[in-house]
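Below you'll find the structure, written out as structure tokens, and then a few comments.
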Amino acid sequence: MHVVDTAGGYPRTFEAGSACNPSDKRFIKGMTDFTMANAEDFYRWAEAHLGQGDHTAVLSAVEERLSKNPRELAANLVKAQALLEARRLKSAASFFQASLSLAQTQFQDQPFTRSGLEAGQRFLQNASQLFQDQLCDHLKTAGLKPDDPGHHRVAHAVDVMLGRKQMFHPAPSVFFFPSLPVVEFSPTYDFPWTESLEGQTDVVEKELDGLVASQLQYEPYIGDNPDAPVLRKSHLQGDDGWGAFHLYQQGVPVKENIERCPQTMALLETLDLPKLAGRGPNILFSRLKPGMHIPPHHGQTNCRYICHLPLKVPTGAWIRVGSEKRFHQRGEILAFDDSIEHEAKNDSQEDRVVLIFDVWRPELTQEERRLVQELFSAVDMQV
């Protein structure tokens, strides 16, 4: 009869009442030449001894067997089970993981190992959850607060370590600036102007309301460009469901629009806007209609942050950058690296409108910024 003992939360497997009794002559003889026995006989011998609680003899035997064939599935699984019986849990986990890997890569059809492999999977699942719980409890006792801005990076590292979050890296479509920290959402306290600009949310929104009252027409954010080939057309191309009212577009001022938003423009002109020929700055009111989804994509460069000042924010409007998803809150600036995969959706029945602008990454020195500007100017001059 097959028995699974889950005492202490850790499953173990052995054959109770099996014909493979440690006193069998076949196995007494096997103890002198077990390294030459076939895999099933050795496994049954070990299983019988583990059923009697004799993990010491099994460990001694299996270590000699593994010294001759370290990739034998049965021997690795036996060692995992023996270590589990000895309560050497970390080592047992390593050998269960190795056994499961060998079972997949060697495609060995060994039915006698199936129950042990299944027990190993249960053990690893239980051990993983217990490890996570113990680790999180320890860090909580140590004072880790995931919502504390000063603890954000540590909390993120823990989430990646435990598999709760995926790792994302910058993948700009045009220009990559090396040696910058990988930051999905930047803490807004990095910018000295955050508080004052957020305090002017009513002023910016009033100008937006004035535009709406005068029959504001949003253009599709992704418009048609007759000077560029269309090899893969976005379903958002030409769709004003993701609409834009530009004050600056790819570094070019839209004078008639700026004249209609003098206070908004005056607020932004004091910031570190990246003047990149043909690329930036970009300043616009961005409207996302109800139900609209901007699919995952990457921006042009990682040397800037894209900033959102939310103005019209219904419940359910969100943006994901890398592994982190945030919901827009009126008057609370979001700054993020758009060269990392990101997407947005308006899961509501009302329009979502944000003021979008870009700023230099604070890590770039003034000299680096100057040279990057020269680089883009040179690129823009090419015929």
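Note on segment 263-281: among residues that are polar (S, T, N, Q) and at pLDDT 95 or above, the one that is nearest to Arg361 (Cα to Cα) is Thr264. Just wondering, is there one or more residues in segment 125-135 that are among the aromatic types (Phe, Trp, Tyr), farther than 23 Å from Val321 by Cβ and surrounded by fewer than 12 Cβ atoms within 10 Å (Cβ to Cβ)? No: zero hits. Of all residues in segment 361-383, those that are farther than 16 Å from Gln300 by Cβ and in a loop (DSSP other than H, G, I, E, B) have Cβ atoms under 8 Å from Cβ atoms of residues that are modelled with pLDDT under 95 and among the aromatic types (Phe, Trp, Tyr), 6 or more apart or on another chain, in Pro362/Phe191. Tell me which residues, restricted to segment 244-270, are in contact with a Leu (Cβ under 9 Å, 6 or more places away or on another chain), part of a helix (DSSP H, G or I) and farther than 19 Å from Gln200 by Cα. Within segment 244-270, just Asn257 meets the criteria.
When you check Asp358 against the structure, is it acidic (Asp, Glu) and more than 26 Å from the chain's Cα centre (by Cα), yes or no? Spelling it out, it is not the case that Asp358 is acidic (Asp, Glu) and more than 26 Å from the chain's Cα centre (by Cα). Only a single item in (1) surrounded by 13 or more Cβ atoms within 10 Å (Cβ to Cβ); (2) without any contact (Cβ under 8 Å) to a residue 24 or more places away in the chain is not met by Pro192, and it is number (1).
Going by the conditions given, is Val62 touching a residue at least 12 places away in the same chain (Cβ under 8 Å), of a type in the set (A, V, I, L, M) and in contact with a Cys (Cβ under 8 Å, 6 or more places away or on another chain)? Explain how you work it out, then say what you get.
Details: touching a residue at least 12 places away in the same chain (Cβ under 8 Å): yes; of a type in the set (A, V, I, L, M): yes; in contact with a Cys (Cβ under 8 Å, 6 or more places away or on another chain): no.
Criteria not met by Val62.
Condition first: closer than 19 Å to Phe176 by Cα, of a type outside the set (A, V, I, L, M) and in a strand (DSSP E or B). Now tell me which residues in segment 308-360 satisfy that. The answer is Phe336, His342, Asp358, Trp360. The residues on offer are Ala127, Ala74, Ala142, and the sole one that is under 30 Å from Tyr189 (Cβ atoms) and of a type in the set (Gly, Ala, Ser) is Ala142. Arg122 meets the conditions (1) more than 23 Å from Lys325 (Cα to Cα); (2) in contact with a helix residue (DSSP H, G or I) (Cβ under 8 Å, 6 or more places away or on another chain); (3) of a type in the set (D, E, K, R) in every case but one. The failed one is (2). The set of residues in segment 104-144 being of a type in the set (Phe, Trp, Tyr) and under 22 Å from Glu85 (Cβ atoms) consists of Phe112, Phe123, Phe131. Within segment 263-285, restricting attention to residues that are more than 32 Å from the chain's Cα centre (by Cα), touching a residue at least 24 places away in the same chain (Cβ under 8 Å) and more than 23 Å from Ser377 (Cβ to Cβ), which residue is surrounded by the fewest Cβ atoms within 10 Å (Cβ to Cβ)? Filtering segment 263-285 for residues that are more than 32 Å from the chain's Cα centre (by Cα), touching a residue at least 24 places away in the same chain (Cβ under 8 Å) and more than 23 Å from Ser377 (Cβ to Cβ), the one surrounded by the fewest Cβ atoms within 10 Å (Cβ to Cβ) comes out as Thr270.
Going by what's in this entry, would Phe336 be described as farther than 18 Å from Val174 by Cβ and aromatic (Phe, Trp, Tyr)? No: the conditions fail for Phe336. Does any residue of segment 195-206 turn out to be surrounded by fewer than 17 Cβ atoms within 10 Å (Cβ to Cβ), in a loop (DSSP other than H, G, I, E, B) and within 23 Å of the chain's Cα centre (by Cα)? No, that holds for no residue.
If you go through segment 286-300 and keep only what is farther than 29 Å from Thr365 by Cα and assigned to a strand (DSSP E or B), you end up with Ser286, Arg287, Leu288, His293, Ile294, Pro295, Pro296.
Checking Val182, Val160 one by one, the residue that is out of contact with any strand residue (DSSP E or B) (no Cβ under 8 Å at 6 or more places or on another chain), outside any loop (DSSP other than H, G, I, E, B) and closer than 23 Å to Ala344 by Cα is Val160 and no other.
The values are calculated or read from the model by the stated rules, or taken from the named source; none is laboratory data. Remember, it's a predicted structure, so these values are computed and weren't measured experimentally. Backbone-built Cβ (ideal geometry, glycine too); neighbour counts: all protein chains shown.
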